[in-house]
Structure formats: C-alpha cells, structure tokens
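Q: Following this message is one structure expressed as structure tokens.
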There are 4 protein chains.
Amino acid sequence: MASSFGERLRVSVFGESHGNGIGALIEGLPAGEAVDFDALARFMERRQGGRNALSTSRKEPDIPRFVSGIFEGKTTGFPVCLEIENTNTRSGDYQNLADRPRPSHADYTAFVKWHGHADMRGGGHFSGRLTAPVCAAGGIAKQILVRRGVFVGAHLRSAAGVQDDAFPLLPDAALFDAVAAKAFPVLNDAQGEAMQQAILAARADGDSVGGTIECAVTGLPAGLGDPMFDGVENRLARVLFGIPAVKGVEFGDGFALSDLRGSQANDPFCIGENGEIRTETNRNGGILGGITTGMPVRFRVGIKPTPSISRPQKTVSLSAHQETQLEIKGRHDPCIAQRAVPVVEAVAALVTLDMMLTE
Amino acid sequence: MASSFGERLRVSVFGESHGNGIGALIEGLPAGEAVDFDALARFMERRQGGRNALSTSRKEPDIPRFVSGIFEGKTTGFPVCLEIENTNTRSGDYQNLADRPRPSHADYTAFVKWHGHADMRGGGHFSGRLTAPVCAAGGIAKQILVRRGVFVGAHLRSAAGVQDDAFPLLPDAALFDAVAAKAFPVLNDAQGEAMQQAILAARADGDSVGGTIECAVTGLPAGLGDPMFDGVENRLARVLFGIPAVKGVEFGDGFALSDLRGSQANDPFCIGENGEIRTETNRNGGILGGITTGMPVRFRVGIKPTPSISRPQKTVSLSAHQETQLEIKGRHDPCIAQRAVPVVEAVAALVTLDMMLTE
Amino acid sequence: MASSFGERLRVSVFGESHGNGIGALIEGLPAGEAVDFDALARFMERRQGGRNALSTSRKEPDIPRFVSGIFEGKTTGFPVCLEIENTNTRSGDYQNLADRPRPSHADYTAFVKWHGHADMRGGGHFSGRLTAPVCAAGGIAKQILVRRGVFVGAHLRSAAGVQDDAFPLLPDAALFDAVAAKAFPVLNDAQGEAMQQAILAARADGDSVGGTIECAVTGLPAGLGDPMFDGVENRLARVLFGIPAVKGVEFGDGFALSDLRGSQANDPFCIGENGEIRTETNRNGGILGGITTGMPVRFRVGIKPTPSISRPQKTVSLSAHQETQLEIKGRHDPCIAQRAVPVVEAVAALVTLDMMLTE
Amino acid sequence: MASSFGERLRVSVFGESHGNGIGALIEGLPAGEAVDFDALARFMERRQGGRNALSTSRKEPDIPRFVSGIFEGKTTGFPVCLEIENTNTRSGDYQNLADRPRPSHADYTAFVKWHGHADMRGGGHFSGRLTAPVCAAGGIAKQILVRRGVFVGAHLRSAAGVQDDAFPLLPDAALFDAVAAKAFPVLNDAQGEAMQQAILAARADGDSVGGTIECAVTGLPAGLGDPMFDGVENRLARVLFGIPAVKGVEFGDGFALSDLRGSQANDPFCIGENGEIRTETNRNGGILGGITTGMPVRFRVGIKPTPSISRPQKTVSLSAHQETQLEIKGRHDPCIAQRAVPVVEAVAALVTLDMMLTE
C-alpha cells in the first residue's frame, strides 16, 4: 500500500499537513522493548524547523501521543499507533495555490489522480511534515538497534554544491553522536559554515538549494538481506524514495563506480584485526548480491532544491486552462536537506530492523 | 519474497546458472493478449552474449518454453510459467572458486547466509543469466504496453567514462527502435565506437569497465503511481537494484539536481501544442510526488565494472581462514552494461504495466 | 501483518481494551466518497453493549474521531485513521486473572508468545472491543457499496441451539434494513424470543451460549474474485476467523452439502426474469471456483459460547505451575453472537469493496 | 496473488489441465533440507486417480521434475520450481461443454471473468489436477516438519453421510502413518467399506457424493501464529478454501460449539504427565486467540459432491442465451473427498511450516 512499508516491521503513515493530525501505525515491533521518550523527543527535534535562520517559522512541538502498543513504558508486541496533532496551520497561505499548481510539487499530479478530492492544503499528505511520524517510528527502531549493537548515523554530505568530508571507512557510534548533536549536521564545520552561507545567499535571492546526505549503518552481521529484489539496496531504495524531494539513491561509491575499472572498484577480502573476514575497502557499501558483508552499509541520497521559492514562476491555471504566473508566499525552507538527515536515519533504522526481524 | 516483485503483475524468477534451468512465473497478466514470439526472441537476443568481441563466449539460444498461461498464442489470464534450459554449462571453470570468494561478487555473502548449501556454480541464482527470464517477462509486457500507446526505450548512457548523448526531451518510438536495432546500443555511434575501444583496452589489461544506462517510458497518462512508498520511483528503484551490478538509480536529473537552485531545477508548467498541460523541461523525470506528470518517465542506473577480471586479486581462503590470491579463469564480459540495456527496459515495462493494472 | 487485512483496501486495527484507545487505519478508500456520520453511529451502535439485559454493563459511546483522510465530509483518497477513546475501563476486575489463564481465552497463548509483555487487561488486543473499529471501517464500506448497488445484511441464524429462519433465495435491501432495526437481529421474532429466554436461562446458571450468523451480499456482478487462493471464500474466511470466538465458516449450504449427492447439490443454470443468467437454487452461496456467479453471496459463521462464565473453572497457576480453580468476576455477555452480527456485516462489506476495487 | 499463498514460505501454482504442464514455484524453503524423492512419490500417489473403482480412469505418473532449487538432493535456499507434464489429455471430451456451463463448476464464472480467453479444457486452472503440485510442495514440507518433530495426518471423516471415527485427543504419528498406508483413508475400515458402497451406489445412479476430512497437526509448540487476521485459523482457512469443492472449514468442534454452553465448550487447563501445561479437552482445536496452545491443531473441511455427474442437468447455452440440457461425458470420480485427504495434509504442512519460519 502506498503509504506503508516493511515486511515484518510495517510502518504506515497517515495524515495531512492541515488536517486534524498526522501519525504512524507501527506493526511488528518486538515485545518488551523499552522506549526512552526523552531520547525520542531529542531525535525528532533534529528534523524540526524553527531552530535557526535556515528553517521555516512554523514551530510545532511534534510530541507523539501513543494511542496503543505501549504499556508501562515498553512495547507490548501489538500495533503501536502514534499521533501528532496539527496545531500550527495557516491555510490562508495556500488557498490561492489550488488552481495554479506549484512547479516541482505534487499539486498537479494529485489534482489529476484524486480529481480535486485530496486535501492539498500545505501539501496535504505529500507535505514534508509527514516525515515527523517516520522519525518517531525510526527513533524507536534506533533505540532497539543500539541494544543489538547496530548504529545508524548520517550527515549532510553536500549542500548548494559545497561538499562535506565523507564518512571514514569504519565510522563509530561516537562520530554519529557528535554529528547528531550539532545544529548543522556536518563532519567538517568549516564546510558546514560555507554551506550555510550559500543557503542564506539563495534565500536572499528568493531561491532555494539542494543537497546530498550520506548515511551509514554499522554493527550489522554478514548475511542480512535477501537476494534479487529483497536485498538491502532494494528495500532501502524503495523507502528512501518516499522521502519528499529525494531524486537519487546510490550505495557505496554508487555512480562513481561506473567510471572505474574492475581492478579499481573491487573490494579485496582480507582478515581483520579480530580475525574476522572483511574487505579492505568498501566501495560496494557493505552489500554484495544484496546481502550485507559485515562492513558498514553506506549509501547516499540526492535531494532536489526546495520547490517552493518566492521568485515568480511560470505555471498554468487549471480552471482557465492557460499559462499564468505564480508567486508562492508563506514559510519555506531555503534548503530541506539538513532537516532530512534524521529522516534518512529513521528510514535506515526501520528497514534494518525489519531485515533483522525477518531472519 | 526475495526473487519476486510486483503487486497486480507479479514476476517470480527461479533457477541457478548451472542447474537444470531458469525461468519466471508471471502472475496477473491480462487475458487475451497476443504474444509475438518472434519479436520476443529478438528482444531477448539483445541481452545475450556471443554477438561480438565484447561478450563472453557462452552462447545459448535462450528460447523460453511456455509451460502454462498461453493458449492459442494468447494469454489466458492465468499464471504464465516460462522455462529456459541450461545447456552450455562448464562447471569446471568455477570449482576452484568455492573456497576463495571473488571480490565484489556474492560468493562470500551467499556462503555466510546459506551455510554452503547454495548452488553457486557460475554465480548460481545471482548470475547475470537470471536476467534472461526477466527479459522474457518484460518483452511480453512491452508488447502489451505498445497496444496501450506506451513505449519503453533505453541506451548505454556511458561506458568506461565515455559519454553517449542524452535522450531528447520527448523521445519517440522510432528513436527507441533505432537504438534497439544497433549492435551497440548508443545514440551517438562515434561515442559508441570510443566506448568499445575503451572496453577492449580494459580487456587487454585483464580488466573490466562499468557504465550507465538511461531509460525512458513515454505515452504514460498523468496520475499513475501512488504516493509516498508506492510511487513510480519507489517501485522502479526497488526492482532496478535487483539487476546484478546496479549500484545507483536516479530519476530525471537525479543527483545533479542537488547542486542546483530551485529556480534552475523546477519544471515550469505550460500548455502544449495539443492543448495538454505539460512541463517545459523535465528535470524531475516525469514524476512529481511519486506520480506521473504525463511527461516521459526518465531515469538512469549506474552499473559497476564486471567483478570478474583475469588479473590476480587478493581474497581469503574460507577453509584456511587466511589471506590468499585468486585468478579467475573462464568467460567474462569486460563490460556488462551494454547487455543490461534490454534488462532495464524489461524492468521498466513490467513495473509500468503493473502500475497501469493497479489503477 | 497480524492485525491487518485487504489488498487494495487495507484495514489495520490497533489498540488494547484498557489502553489509551483503539482504532483503525483504512488505506485505499476511493476519493470523494461522502461519509454519513449519523448512519455510521447507528451502525456501530448495533454491536455495542448496554442495550438490553443480554449485554454487559460496560457502556461507552464509541464515537470514532477521524484523525486523517476525511476533508469536508468526504474521503480524500489518503489513509483514514480513526480512533475511539477508552473511557470505561475497570482494570481491577482483571488483575487476579494474570496468573490464572481463563479457559478458551487467549490469556495463556498470549503469555507464552509475548512473555508477559502483552497488555492483557480486559483481553487486551484480543478483546471483542477491537471489533468496534472494524465496524467503523465496515460501516463506511457499506455506505460506499450501497452507492454501487451492493447490499450487505446479516442475522442471528441460531443461538443456544434455537434456530431462526434462513434468508430467502433473493433477500432484498428492505429485509436487511428491517433486521438491522431490531433490538434482537432475527428474521422470526418468535424464535428470537425463544433464543433470548435460552440466553437468560444460561446467565441464570452462571453460564453462556453460542450461536451462528448468516450473512448475505446482494447486487454483486458475476466475475468478482480471483481463482484458487484469492477467491471470495478464501478472502472472506481469512478475515471472518479474525472475529473473536468464530470457529467455523461455511459458504452456501456448506457442510450440509457433504452429505448430499451431486444431483441434489448442483445449482442448475437458468434464464432469469430480466433475461439474466442465474441459478435456480443457490446451494453454492453465489460462488463457483472462488468467483461470484451474480447470485447473492451467502455464508454462515459459527460462534462459540462466551468463554467468560461466572461458574468456577479449572485452570493452572502460571507462577506456581500447578492446577487451581478460577472464578471470573466482572461484566460478561452470556451471548456475544447477536453483537457479532454487525461485525460480520462489516467484514463482508470491507472484503467485498476490496474485491471490487481490485478489479 | 490469486494462485499463490504464504508469507515466508510462498507457494505459487501454475498450469492448466490440458496445457503443456502444471507445477509449483516454492519460495522460502530453508537451505540444506534433504528431499526424499521416493517418499514424495508415495505421498503424491495418494491423491492420484486410477487406484481403484472409485477413481477416474485418467492415469498419469505425476512425477515432478525439479527445475531449480535442489542441488545434490538438498534444497539450496533458492526458489524451487517443479513441473509436472500433462500427458494424458483427451480434450475431445470437453469441447461441447464450452457453450454450456456445467452446474456447480467454474465454467460460467470463468467465462464471465476472462471473456472466453481462459483455457478451460478439462477445467483448466480450476481442475482438481492443480492439487498435484500442491501435494508436491506439501510433501516436501511434511518431510521438513518431521525433522522438527511436527506431524500432519488426515482421514476421510465422512462420505455420502457415512461417518468414520474421529481422531483421538492425542493422535500419534503411527496412527497417521497407518491411515496413509490404506487404500481408503479411514480409521474404521468397516465404516470405510460402507462409504465405498455408498459411493459405488451413487455412481451406479450416474450421481456423485461429498464428504468431510479431518486433519490434525501434532508436535507444535504453544505460541505459533499471530493475532487477529494472521492466526492459525485465518491462514489455514484461506488456503483450504483454495482446494476445489471445499465449502466449509471449522476448527476444533467448530459449528457444534455454537449449540453448547460455555461450561461445556471451554477446555480446562491442567498439568500434563510431563509437567507441561495443556488442556484436558481440545474442543478449540489447539488454537486460542489464533495462536497454538500446544495441543494438536485439529480442523475439518467439508467437500461438496463432485459437480460432474452423468445424469442430464439443466443449464443454459451461452451463445443462444437460452435454457438447455447437458450430459457430461468423460471421466469423473463419483467422490473426490478421499483423494483430497493428502491435499488437505499438504496445505496443513505448508501453512504450518510457513508459520514456523515466520517466528
């Protein structure tokens, strides 16, 4: 189903940006897992706007209310339904958009598909706000994974064309924690500063920028994932493309491998310090034949620039069936890539935990 | 399930490279669809080796035998099982590999996951040979799509770092046919010649190269696909990563969008020559919010260099648990990207038809 | 997933009897369908306790709150999440049960499976209370079906061994409405009176009784359903067995057919009054080969006696691992079959609508 | 999908009665499981016709050919495709049936659904012959279950209204083996003799009879199955209704429970001889809340009389759209229930193994 994913751990997202609320139904969580609600709130805060000049002015606490599946602070083994209230909705900003679809948004395709019945205020079900329940679910998954020795981390690999450093071959949990604690989630703060300047420059021009995110999952055993169409890459890619604005996904060195020779791209097997079989390099991103090698699973997602820009844009009037101009008012982030960092982590955690439960 | 994909049109692939045979079970094909077996054979021939100096010397006719689901040349509406016999298997070439996993192959991960029970001769179920039944299924889907006005085409966008031209904004069926008829599937034959020289140079060095493939699907109505996790991108990506050696997938301008500003990346809506609503550019690859815009669906996949190279490589002995060297003998393509072109088309056709049947 | 069903129309039930709330997530409802909330409340009231001497004293309004998927009184085409608050919970009644599993309840199997983590107060996720959200979802489906000319009705076919009349060959919507309006849902009120006396007699003995429910779906076209494992019988049976206490499902004349000869059991085809092809009898329940014939789909479910009885019963102490006695206090219905009548209708409506959307 | 079932162990059936062949694709079998092909042949022989006067004269060896997934006599962990050739097809017998649908067969519903494209010779994909690959798959599952201490057995509980004895409370594997070895699969041979006389009497009248089958699965741990819609009952029922002619399914004492009081129907918990927690009786069929109790899973299926009878029957001509007569010639079993006994075992084994793999 469209807004759900997962096999043994199934997450279904519901809600519209300006409706009563949003939330997630999480089926298949193991029983007896403690949930640290404070840690969850901190994780969710990482994706929220309002923290600095780069984000929209819409501020909502986004505290999930657990309707079911939690008893005395632990999972019961039954479906967890969590709901987040919509409190800060200013529909007025969007009313004039109904007839003139915003370029690169889902307005037009939703209009065609649902014949005008979709509640598209604020982007409706397509709003980036729907990533909040994904983070709530993913935050719980991350806590469960840590207890199994599996760690998930991500950072902004580039923004506005400015590059951050790449993760090292074997990133540790401390590095993940350090990035997660930063207001701007990069490894190299100087580069992060340059990114922020570029983002602010775009905003000053009434424009926006895109970026890329690098994510790694460490501590996985070799042998996770299934062949062909249920490999680690297949499952992650399917869900990652559900994050709004993601237009590319690559594993390991990804597209860069296409320009190399085999002798440059292959990862030689070797014996590690602890006697384990590993690879000397990790250009394949910890995945061979769709199955984990035991090296960190490593991937990158490409995020397009925020479609909402304040500059005038060409579009059409659906009612008049003629070309026209559009100026989008209201709150928009000049860059959403940095806010998507915890969302990518959440997806990685959920897909990983699902695969571990499927074994 | 691992080796299956699709919702209303489900394709399940079976077989091992050196077992009795390989094949596909296709569930959900509409009833009464004529199958042009000659056209199907021509389509399948495009992925086969043995056609020129670039391919391996393993030559098999790969004629699918239809066990079920076809009656008097038409689909019955019931499951179609097709089988392709394995005739040309020289297991001797691979026997010494069982203990020394080939770098960048699935040998090691399969060994860990299936505890040595997997029949990995010739790559087993992970072999590129398993793309033959995918092509058989996809070839049938392509024929059905043409009757609905939908066309699928692909070409080798790059190989060994040499670039082909890109598809034009609105590629037509004649262009797809022209590329499909070529021995080397590129738009610009001069560039194709350069690619082939680079491939042969790599082979002379006992090495291999990678490449990228661009694919387009035209004639689609707006409104196809579902939101969030069942959009066109999600479904295509999940299956495309099932093609061996694919390490990246991007839609429209993909990762390149991440370096642009919104004003450069957004596709303005306009009124087309026939009064239809379309976009002036197609940087989003015909997909917004996961749903088709009516513009061509356009995507690119990155394929890593053939892992099998004849140069000596470092690996480990699983039995001795120590590092060692490996020289891979036998038949290998110095580049598999050009043979993957029809496989990408097959996947695109199957996923597209599935989405059309789901409406 | 355990608590979900449906292919194109997917219903996921969540909540525990004594937790914060219960509810359902409904994915795949068509867009633009008006919801008559008053009619929905009336439908849901039919399954509620507190209406007469036969039901438990637990009274809750059970008004669903719609969190998402409804806009201006119509479905948006996106997931509908509805939530029902738990207000009337007296956990004290159940605390002494935790150690001594109630016979014929899920207490013991849940204890083994979830290692004591399940919140089993009041039956937890296994409580009959979880059928309230199923009715909410099914009530919406019934409204949509009526607009498509499809009607669903059910009645108590027997209770405590007392039989009601059977539905006629071609029951009409007026008959369904008439039964739905009754306080005790039978066709023959004299027999219904006898049933109620038998139920009260059982209660006076500290005991309980079971019953059977007959359901019919009319107005269906021929050709609905898929062969083998996705036929009408397969899909209905899978979900019907999810209603607590259901232990048998049969279609048409069901088990009684096993004792007949073919010449008695076959339904001859004939031409109906309006020139349509139909069958003279309907012993197969409107289904042949899993696919609708156009005659009413007709089935019967068997419901075991309420497991909770006030008589002393033999059980074991889980902590002491020895045999012991149990007296169940608190509120229990001496018969739940009459309250399950709208639940069976809800399931029939949801499965039917799903099949219609899958075509 | 219509002709597939299972979650972690997925069986997809293909083929038409008079096409090239029939078969099954089995995905998810664990790796390294030895297959005893002789035992499998003996199991499959139990469902075959031609063994005595009660069965059709169509004799086919029905030896499955394994195309994939078996290597050196063991499962590889990859999809197993098995194919059974159709050799003994006399299409002429059925040609005059195309226009006049046989009562109680799928001819009419298939005609409406597939618009005449379905290959319905010999019943096509609806033929009882399609249970042969189900038996092949189930026979393998039975062998795997035995290694895990789980045993599956069934017998003809009634035929033509004549009753066999019921299974004892705790049937052992020896009893299952004894029934499986009999030419007519009943516990009480005198009753079996009476059944056979009744069947032959019906045949002499150009008629047919139905029957019921009782099946038990022993050795299961408590805690198998999932709540609500994925319980043991839900999963078994969904697949059992895929066996042709099954019109009813009940667990434990099933419909008979509906006429009892709770004090009669509840199964008291007690401590068994080996200190294990069990129930004194097993009226619930080893399942509470959809989850196994550790007692034998026990269920009954009702099978309608063979629809094909040689007596003249009333039907319609589809081309003339008028009522007419039909006489069915060719081979038909006067009772198929005894041949369905191993099919029910096969389904029980496959569903059980799937649930065990899902844990």
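Bear in mind that the values in this text are calculations on the coordinates, not laboratory data. Keep in mind that what you see is a predicted model, and the values were worked out from it rather than measured. Counting neighbours? That spans all protein chains shown, and the Cβs are built from the backbone with ideal geometry, glycine included.
Q: Compute the FRET efficiency between residue A:115 and residue C:273 as 1/(1 + (r/R0)^6), taking r as their Cβ-Cβ distance and R0 = 45 Å, and round to the nearest 0.05.
A: Working: r = 38 Å, r/R0 = 0.84.
About 0.75, to the nearest 0.05.
Q: Let me ask something else. Look at the axis of the rotation that sends chain D onto chain B, then give the chain D residue with the nearest Cβ and the distance in whole Å.
A: D:25, 2
Q: Looking only at other chains, what is the average number of their beta-carbon atoms within 10 angstrom of each beta-carbon in A:124-134? Intermediate results must be reported in sequence, preceding the final value.
A: Values: counts 6, 9, 7, 0, 0, 0, 3, 0, 0, 0, 1.
The shielding value for this peptide is 2.
Q: So, one more: Could you list which residues have their amide H under 5 Å from that of residue A:34, counting only those 5 or more apart in sequence or on another chain, with H placed in the peptide plane?
A: So residue A:34 has HN proximity to A:75.
Q: Relative contact order of the stretch B:133-211: what whole-number percent is it, with Cα pairs under 8 angstrom and at least 6 residues apart? Walk me through the numbers before you get to the answer.
A: Working: 64 pairs, mean separation 25.4, N = 79.
In percent, rounded to a whole number, it is 32.
Q: Find the relative contact order for chain C and round it to a whole percent, using C-alpha pairs within less than 8 Å whose residues are 6+ positions apart. Working shown, then result.
A: On the way: 731 pairs, mean separation 81.0, N = 359.
In percent, rounded to a whole number, it is 23.
Q: Suppose a student asked you for the relative contact order of the stretch A:240-359, using Cα pairs under 8 Å spaced at least 6 residues apart; what percent would you report? Each step should come with its number before you reach the end.
A: Details: 141 pairs, mean separation 26.9, N = 120.
Computed value for the stretch A:240-359: 22 percent relative contact order.
Q: Taking θ as phi - 60°, what are the ³J(HN,Hα) couplings along the stretch D:222-227 by the Karplus curve (6.51, -1.76, 1.60), each to the nearest whole Hz, with x for Gly and Pro?
A: Once θ is set to phi - 60°, the couplings for the stretch D:222-227 become 5, x, 8, x, 10, x Hz.
Q: Here's something else I'd like to know. Test of the criteria: in the stretch B:109-171, which trypsin sites (Lys or Arg not before Pro) are in a DSSP loop and have at most 13 other Cβ atoms within 10 angstrom of their Cβ? Please list the in-between numbers first.
A: On the way: sites: B:113, B:121, B:129, B:142, B:147, B:148, B:157; in loops: B:148.
Answer by residue number: B:148.
Q: Through the Karplus equation 6.51 cos²θ - 1.76 cosθ + 1.60, θ set to phi - 60°, convert the phi angles of the stretch D:271-281 into ³J(HN,Hα) values in whole Hz; use x for Gly and Pro.
A: The phi angles translate into 9, x, 4, 9, x, 7, 7, 9, 10, 5, 10 Hz.
Q: Another question about this same structure. Note the distances from residue D:149 to each other copy's matching label point, with points 7 Å along the Cα-to-beta-carbon direction, in nm, sorted shortest first.
A: Label-point separations across copies, in nm and ascending: 2.9, 5.9, 6.4.
Q: Could you work out [θ]222 nm for chain B from helices alone, using -39500 (n - 2.57) per DSSP H run of at least four and dividing by all its residues? Round to the nearest 500 deg cm²/dmol.
A: Working: 8 runs with 94 residues, N = 359.
Here the helix-only value at 222 nm equals -8000 deg cm²/dmol.
Q: Once amide H atoms are placed 1.01 Å from N in the peptide plane, what residues at a sequence separation of 5 or more from residue D:102, or on another chain, have their amide H within under 5 Å of its amide H?
A: Here D:107, D:108 satisfy the definition.
Q: Hey, rough spin-label estimate for residue B:190 and residue A:331, points 7 angstrom out along Cα→Cβ, what's it come to in nanometres?
A: The modelled label-to-label distance comes out at 5.5 nm.
Q: Once the other residues with Cβ under 15 Å from the Cβ of residue A:273 are scored (Lys, Arg +1; Asp, Glu -1), what is the net sum?
A: Net charge around residue A:273: -3.
Q: Next question, about the same structure. If the elastic network links every pair of Cα atoms under 10 Å, which of A:316, A:112, A:152 fluctuates the most in the Gaussian network model of chain A?
A: A:112
Q: Do any GluC sites (Glu not before Pro) in the stretch B:180-276 lie in a loop, going by DSSP, with at most 14 other beta-carbon atoms within 10 Å of their beta carbon, and if so which?
A: Numbers: sites: B:193, B:214, B:233, B:250, B:273, B:276; in loops: B:273, B:276.
For GluC sites (Glu not before Pro) across the stretch B:180-276 that sit outside H, G, I, E and B with at most 14 neighbouring Cβ atoms in 10 Å, the list reads B:273, B:276.
Q: Taking only complete DSSP H runs, can you tell me which helices of chain D stretch 27 Å or more along their own long axis by Cα positions and average at least 0.5 on the Kyte-Doolittle scale? Numbers along the way, then the final one.
A: Working: long enough: D:337-358 (31 Å, 1.24).
Those that pass (Cα extent of 27 Å or more, hydropathy at least 0.5) are D:337-358.
Q: Here is a further query. Filter A:142/B:113; B:74/B:142; C:247/D:247 down to the pairs with a C-alpha to C-alpha distance above 19 Å, please. Mind dumping the intermediate values first?
A: Numbers: A:142/B:113 24 Å; B:74/B:142 15 Å; C:247/D:247 15 Å.
Among A:142/B:113; B:74/B:142; C:247/D:247, the Cα-Cα distance tops 19 Å for A:142/B:113.
Q: Where Lys and Arg each count +1 and Asp and Glu each count -1, what net charge lies around residue C:24 among other residues with Cβ under 12 Å from its Cβ? Don't jump to the answer; show the numbers that get you there.
A: Working: positive: C:10, C:65; negative: C:27, C:83.
With Lys, Arg at +1 and Asp, Glu at -1, the net is 0.
Q: State, to one decimal in nm and shortest first, how far the label point of residue D:330 sits from each corresponding label point in the other identical copies (label point: 7 angstrom along Cα-to-Cβ).
A: 4.7, 5.8, 6.4
Q: Another question, if that's okay. In a GNM of chain D with a 10 Å cut-off on Cα contacts, which of D:240, D:318, D:220 has the highest mean-square fluctuation?
A: D:318
Q: Once phi is turned into θ = phi - 60°, what whole-Hz ³J(HN,Hα) does the Karplus curve with 6.51, -1.76 and 1.60 give for every residue of the stretch D:116-129, x standing for Gly and Pro?
A: Once rounded to whole Hz, the list reads x, 7, 4, 7, 9, 4, x, x, x, 6, 8, 4, x, 4.
Q: Still on this model: Taking H placed 1.01 Å from N in the peptide plane, check which residues at least 5 places from residue B:277 or on another chain put their amide H under 5 Å from its amide H.
A: B:272
Q: In nm to one decimal, list the spacings between the residue A:30 label point and its equivalents in the other copies, with label points set 7 Å along Cα to Cβ, shortest first.
A: Nearest first, the other copies' label points are 1.9, 4.4, 4.7 nm away.
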